[in-house]
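Visitor: Below: one structure in structure tokens.
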Amino acid sequence: MSRAQAGSLRYIGLALESWSSPRMKVVSYSAKVFLLAALAASLLVSTIPAYGQNAQPVADDTHFNLLVLGDSIAWGQGLREEHKAWYLVKTWLESNGGRPIRERVEAHSGAVIGSVGDSAGNPVTLQDGEVNRGLPSVNDQIENALRSYADPAKVDLVIVDGCINDLDARRLLNAVNTPDGIREVAQQKCGPPMEALLGRITRAFPSAHVVVTGYYPILSERTESDLFMRALAKRFYTGTARMSDKQLRTRLIEISRQWYEGSNQMLAVAAGRIDEQLAAKGSRQRVLFAQVGFLPEHSFAAPQSRLWGFDASTIRKLLVILTLGRVTLKTNDEQRNQRNASCKETFKPPAGETKQQKEARENRIMLCRLAAIGHPNPKGAQMYADAIDKQLKIVMSSPGWLRSSGAIATPGSTVP
């Protein structure tokens, strides 16, 4: 490894360490080198500290009341509202009769599970959920929702996800890590924290059914193995041992698979344990886990990818590598222009901004603009909605599905 390559890796490691923290430090990096790290980093859910929520109508007895909590997957990063998974679930329920549905969406890009009192009761300002940030945490989202509902017992359904932002995001796309290590971190971050979160949700909204959604393998054996992807793998690698392109690819595919299986296993266990506790108390409430059946061809840069990617030709991608970032890329999601405007609005230059501060701010804007990369596209969101619908069918025909009369009928058609 040359001195220049070692220096690039060192800068990228520092950049990603800062990026993965919910309270990002202001550090100066080489913008050209940072772009390549950003491209790899944006395959995950980045966390930038900022605050804000959307105002929604309160729950009442005339509507079926839906609450959405979680990170960018629950929010629907890069999707128009009518393509978001929660919206597809809403229309699916409405199309089968019963009461109209009123939703409240607290989920936003970058949210961590966190702990009770993460925001210490501080008020939040209105902000676009496309802008990736760690706070309000999912625990804080519960607080925000409770403040908006006169009677939380009128919430009928909660869709929630979380845990990917609570781990060091470098682990998922850094070949220095091992499959066993990813399994371990999935157990730590997606097990007890989610179990505690679900327990709190069921206590806060005592009439609601709760559906927990899982994650997906980011890379697979069907992911493209072109020069661009190989370059990203190398840029994201922070180890000192020499690894060939084939070794890097094999390791990253296995890490992605272990994350998919390990995180889903722990989320399912957490949902099952809370459901058993409720059943032991005679509660009609059910907590369900919805696993999304992503196949290898659905992963990032695969032939039938269900994830957002780059809006660029092969030649342009190569130019990004060759020019070390002087040529930039755009995402192919539906909210690209709107998110770009929100990113610029969020990260305005402060008075007396130094050169280092400007460079760090511009890097944050770049990460923000690329935030949709690796998130479910419309077809991926439909897979999430189908998985949720399938779980809801389990409880829709059971007593206690709704709080009162006017129940939504069980769908006559099957869910794929």
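The values are calculated or read from the model by the stated rules, or taken from the named source; none is laboratory data. The structure presented is a predicted model; accordingly, all values stated were derived computationally and were not measured. Cβ atoms come from the backbone with ideal geometry, glycine included; neighbour counts cover every protein chain shown. Calculation scope for accessible area: heavy atoms of the full protein, side chains included, ligands and nucleic acids excluded. Shrake-Rupley method; radii C 1.70, N 1.55, O 1.52, S 1.80 Å.
Visitor: Among residues belonging to region 333-390 that are of a type in the set (Val, Ile, Thr) and assigned to a loop (DSSP other than H, G, I, E, B), point out the one that is least open to solvent (accessible area, probe 1.4 Å). Steps first, please.
Guide: Step one: filter region 333-390 for residues of a type in the set (Val, Ile, Thr), giving 346, 354, 365, 373, 388.
From what's left, assigned to a loop (DSSP other than H, G, I, E, B): 354, 373.
On the way: 354: 67, 373: 0 Å².
Applying the filter and picking the extreme gives 373.
Visitor: Out of the residues in region 77-108 that are of a type in the set (Gly, Ala, Ser) and at pLDDT below 95, which is least open to solvent (accessible area, probe 1.4 Å)? Quick ask: steps written out before the conclusion?
Guide: As a first pass, look at region 77-108 and keep what is of a type in the set (Gly, Ala, Ser): 78, 85, 95, 97-98, 107.
Remaining after also requiring at pLDDT below 95: 95, 97-98.
On the way: 95: 88, 97: 29, 98: 54 Å².
The qualifying residue least open to solvent (accessible area, probe 1.4 Å) is 97.
Visitor: Exactly one condition in (1) outside any loop (DSSP other than H, G, I, E, B); (2) farther than 30 Å from residue 81 by Cβ; (3) of a type outside the set (S, T, N, Q) is not met by residue 260; state its number.
Guide: Failing condition for residue 260: (2).
Visitor: Could you check how many residues of region 137-165 are open to solvent by 20 Å² or more (accessible area, probe 1.4 Å) and either of a type in the set (Phe, Trp, Tyr) or within 24 Å of residue 217 (Cα to Cα) (or both)?
Guide: Total meeting the criteria: 0.
Visitor: May I ask you to list the residues in region 181-220 that are open to solvent by 40 Å² or more (accessible area, probe 1.4 Å), closer than 21 Å to residue 294 by Cα and either among the acidic types (Asp, Glu) or assigned to a loop (DSSP other than H, G, I, E, B) (or both)? If you could, list the steps in order and put the result at the bottom.
Guide: First, pick out the residues of region 181-220 that are open to solvent by 40 Å² or more (accessible area, probe 1.4 Å): 183-184, 187-189, 192-193, 195-196, 203, 206.
From what's left, closer than 21 Å to residue 294 by Cα: 183, 187.
None; the set is empty.
Visitor: Continuing with this model, one more query. Residue 239: over 30 Å from residue 403 (Cβ atoms), touching a residue at least 60 places away in the same chain (Cβ under 8 Å) and part of a loop (DSSP other than H, G, I, E, B), yes or no?
Guide: On the way: over 30 Å from residue 403 (Cβ atoms): yes; touching a residue at least 60 places away in the same chain (Cβ under 8 Å): yes; part of a loop (DSSP other than H, G, I, E, B): yes.
Yes: the conditions hold for residue 239.
Visitor: Could you tell me which residue of region 276-290 is modelled with the lowest pLDDT, considering only residues that are in contact with a strand residue (DSSP E or B) (Cβ under 8 Å, 6 or more places away or on another chain) and open to solvent by 20 Å² or more (accessible area, probe 1.4 Å)? Can you show your working first?
Guide: Start the filter on region 276-290 by keeping residues that are in contact with a strand residue (DSSP E or B) (Cβ under 8 Å, 6 or more places away or on another chain), which leaves 278, 285-290.
Narrowing further to those that are open to solvent by 20 Å² or more (accessible area, probe 1.4 Å): 278, 286, 289.
Working: 278: 95, 286: 88, 289: 98.
So the residue we want is 286.
Visitor: State all residues of region 161-172 that are outside any loop (DSSP other than H, G, I, E, B) and either out of contact with any Gly (no Cβ under 9 Å at 6 or more places or on another chain) or more than 23 Å from residue 239 (Cα to Cα) (or both); if no residue qualifies, say none.
Guide: Of all residues in region 161-172, those outside any loop (DSSP other than H, G, I, E, B) come to 164-166, 169-172.
Residues satisfying the conditions are 164, 169, 172.
Visitor: Could you check how many residues of region 300-315 are outside any loop (DSSP other than H, G, I, E, B) and either in contact with a Pro (Cβ under 7 Å, 6 or more places away or on another chain) or surrounded by 12 or more Cβ atoms within 10 Å (Cβ to Cβ) (or both)? Even if it seems obvious, please write down each step before you answer.
Guide: Applying the first criterion (outside any loop (DSSP other than H, G, I, E, B)) to region 300-315 yields 307, 310, 314-315.
Next, from what is left, pick out any that are either in contact with a Pro (Cβ under 7 Å, 6 or more places away or on another chain) or surrounded by 12 or more Cβ atoms within 10 Å (Cβ to Cβ) (or both): 307, 310.
Counting residues in region 300-315 that are outside any loop (DSSP other than H, G, I, E, B) and either in contact with a Pro (Cβ under 7 Å, 6 or more places away or on another chain) or surrounded by 12 or more Cβ atoms within 10 Å (Cβ to Cβ) (or both) gives 2.
Visitor: Here's something else I'd like to know. Can you pull out every residue in region 207-216 that is at pLDDT 95 or above and either out of contact with any Leu (no Cβ under 8 Å at 6 or more places or on another chain) or of a type in the set (Ser, Thr, Tyr) (or both)?
Guide: Once the filter is applied, which keeps residues that are at pLDDT 95 or above and either out of contact with any Leu (no Cβ under 8 Å at 6 or more places or on another chain) or of a type in the set (Ser, Thr, Tyr) (or both), region 207-216 yields 213, 215, 216.
Visitor: Now, a different point. Taking residue 329 as meeting all but one of (1) at pLDDT 85 or above; (2) crowded, with 19+ Cβ neighbours inside 10 Å; (3) over 18 Å from the mean Cα position of the chain (by Cα); (4) of a type in the set (A, V, I, L, M, F, W, C), write down the number of the exception.
Guide: (1)
Visitor: So how many residues does region 242-257 have that are surrounded by 16 or more Cβ atoms within 10 Å (Cβ to Cβ) and in a loop (DSSP other than H, G, I, E, B)?
Guide: So the count comes out to 1.
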